[in-house]
Amino acid sequence: MRGEAVRTEGRALGPLSDDDLRVVVEEVLDTYGLTDEVHVVLSGELGEDEPEPDSLVIHPERAPLSLRRRVLEPGAALWDVDDVVREVGRAALVQLGAEFELEFGTDEETVLSSPVNVDSEEALDIARPYVKDAAIALLEMVPHVLYGYSCRRVVGDGEIEEEFDESGTVALDLVSGELSGTEFDDVVDLPVSRAGELVQPSVEPAEADERARRLLSEEMSREVRLETEKRQTRVYETRRVSPPIDSVELDEGDLVYRGIWTVKGGRTDVVVDSATGEILSPNTGGGVELV
């Protein structure tokens, strides 16, 4: 393909410019005779516009969840760094006589998940300093609901007045029922065949929103020092103030899985994050404990 090189540096395509990247993708399409049928758009060119259904949006890094929603909901296709690298390699093989079908998606059932960058052998190697005779690594996918939230409310009772103005994203772990510290900056469509065991939630979907609101209200609570004067004596007291649960607004939320490897050996289990390789928790009780 004109001798162009596509390589990955971490999770981004480089050293290609936007123009070079467009040329590479269009030549992939040309290999399959689809140049005139598919409109290539770089993610940075979208602006405020919604992509057309016949568009192929190219993102030079791992595509965040917000971009996936924005592109896939109108029916457009999305290639991130992994898709581009895969299809460039396949196109080169097609030119040598191999047969492949161009993938704009997959017919296989998928789940939204943090990426599985660590395989079972790597998980065993990571855990061996902590697990004697580490012999088996089991991949489990822990369900979370990823929310965008906001809270804007002034809370007062005549003596105190506190303003809450917060927004962000948060994940509710549907197994523990607690807010998770996991940041789902990287989310991929993971084929179920590669996803390991999908852990069953203990929190019912109907309960998840209310639980997330309550936990967020508790997390946003703060202590307020109140000064009063009684019988010419200054009295100080501390009150904890929280925004009302109904003041916490959530978006619809997305079901997203976090992949973990549980490495077993002897009496100790070690849990390894499948995306980062980080050891999450050494256990001695045989269960999975996430931090």
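The values are calculated or read from the model by the stated rules, or taken from the named source; none is laboratory data. Remember, it's a predicted structure, so these values are computed and weren't measured experimentally. Cβ coordinates were reconstructed from backbone atoms using ideal geometry, including for glycine residues, and neighbour counts include every protein chain displayed.
Within the stretch 1-41, how many residues are over 30 Å from ALA275 (Cα atoms), modelled with pLDDT under 70 and either among the basic types (Lys, Arg) or surrounded by 13 or more Cβ atoms within 10 Å (Cβ to Cβ) (or both)?
2
I need a count of the residues in the stretch 120-137 that are on the phi < 0 side of the Ramachandran plot and exposed (fewer than 13 other Cβ atoms within 10 Å of the Cβ).
Residues meeting the conditions: 5.
Inside the stretch 104-157, can you point out the residues that are acidic (Asp, Glu) and farther than 15 Å from VAL188 by Cα?
Correct list: ASP107, ASP119, GLU121, GLU122, ASP125, ASP133, GLU140, ASP157.
Of all the strands (runs of 3 or more DSSP E) wholly in the stretch 42-116, which have at least 2 residues that are modelled with pLDDT of 90 or more?
55-58
Please state which one of ARG128, ARG90 is among the basic types (Lys, Arg) and farther than 22 Å from ARG62 by Cβ.
ARG128
Of (1) at pLDDT below 90; (2) farther than 24 Å from PRO201 by Cβ, LEU280 satisfies all except one. Which?
Of the numbered conditions (1) at pLDDT below 90; (2) farther than 24 Å from PRO201 by Cβ, the odd one out for LEU280 is (2).
I'd like the residue in the stretch 159-204 that is hydroxyl-bearing (Ser, Thr, Tyr) and not in a helix (DSSP H, G or I) and, out of all such residues, is nearest to TRP261 (Cα to Cα).
Among those that are hydroxyl-bearing (Ser, Thr, Tyr) and not in a helix (DSSP H, G or I), it is THR182.
Taking the condition more than 29 Å from GLY196 (Cα to Cα) and in contact (Cβ under 8 Å) with a residue 12 or more places away in the chain, does THR31 pass?
Here the answer is yes, as THR31 does meet what is asked.
Here is a list of conditions, (1) on the phi < 0 side of the Ramachandran plot; (2) in contact (Cβ under 8 Å) with a residue 40 or more places away in the chain; (3) buried (at least 16 other Cβ atoms within 10 Å of the Cβ); (4) touching a Gly at 6+ places or on another chain (Cβ under 9 Å), and GLY196 meets all of them except one; can you say which number that is?
(1) is the only condition that GLY196 fails.
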